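The values are calculated or read from the model by the stated rules, or taken from the named source; none is laboratory data. Bear in mind the structure is a predicted one, so any value in this text is a computation, not a measurement. Neighbour counts run over all protein chains shown; Cβ positions are idealised from the backbone, glycine included.
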Amino acid sequence: MSRAVKRALDVALSGAGLLLSAPLWPIIAAAIKIDSSGPIFYGQSRVGEAGRHFMVLKFRSMVADAERGRGPLQADVDDPRITRVGRVLRATAMDELPQLWNIFRGDMSFVGPRALRPEEIEVDGRGASVPLDAIPGFLQRCTVPPGLTGIAQIYAPRDVSRRQKFRFDLLYIRRRSLRVDICLILLSFWITMRGTWEARERKF
């Protein structure tokens, strides 16, 4: 699949998604503000194509300053930092609706490797910390835009290592096509309708 075709698909789908979801945004925003104090949106620095950093947007699903004093820490399903409204947003993936804007802008694609935080590390079998760029496959996955969904996000077991998830990412890079992208988007939509995203993958 050519880059132009993929970009055209991203612009068309993200634009349609922004328009169709627009009525939900004020409702979600009001629910977040009523449920807990703090901002409506939450921004995080992520590593994009060619290693460039960009700010990914989400609806806030945790208490304000959830990482203060603790640093980046992946959330479990029962994490006490997650708000009541946040649990619903995360289960249905509605916390990621603002990422449609990231896709429309070109920071991300609908399908691709998950956009990782630059400070993330992997812990190897000896308990040593390994930076992401030292994990085999990191540079290859930076040759394509990060995605809202992808093979690793859907099929990789929740608690597998980054090294193993990178293998799923490299499989997508080798096999990517218009047909593969459409199939993954439809499968992701089905998972979203079932409200099972939070059970599939840890989120920040």
Can you tell me how many residues in the stretch 1-59 are loosely packed, with under 11 Cβ neighbours inside 10 Å and of a type in the set (Val, Ile, Thr)?
2
Pairs, please: C-beta under 8 Å, at least 6 apart or cross-chain, first residue touching a residue at least 60 places away in the same chain (Cβ under 8 Å) and in the stretch 23-42, second of a type outside the set (A, V, I, L, M)?
Ile28/Phe59
Name every residue in the stretch 23-50 that is on the phi < 0 side of the Ramachandran plot, in a loop (DSSP other than H, G, I, E, B) and over 20 Å from the mean Cα position of the chain (by Cα), in order of residue number.
Pro23, Ser36, Ser37
Could you check the stretch 66-183 for strands (runs of 3 or more DSSP E) lying wholly inside it with 3 or more residues that are out of contact with any Phe, Trp or Tyr (no Cβ under 6 Å at 6 or more places or on another chain), modelled with pLDDT under 90 and surrounded by fewer than 19 Cβ atoms within 10 Å (Cβ to Cβ)?
121-123, 129-131
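Could you please find all residues in the stretch 142-179 being of a type in the set (D, E, K, R), touching a residue at least 24 places away in the same chain (Cβ under 8 Å) and more than 22 Å from Leu100 (Cβ to Cβ)? Steps first, please.
Here is the first cut: in the stretch 142-179, the ones of a type in the set (D, E, K, R) are 158-159, 162-163, 165, 167, 169, 174-176, 179.
Keeping just the survivors that are touching a residue at least 24 places away in the same chain (Cβ under 8 Å) gives 158-159, 162-163, 165, 167, 169, 176.
Arg158, Asp159, Arg162, Arg163, Lys165, Arg167, listed by residue number.
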Qualifying positions in the stretch 91-139 - over 30 Å from Val5 (Cα atoms), in contact with a strand residue (DSSP E or B) (Cβ under 8 Å, 6 or more places away or on another chain) and charged (D, E, K, R):
Glu122, Asp124
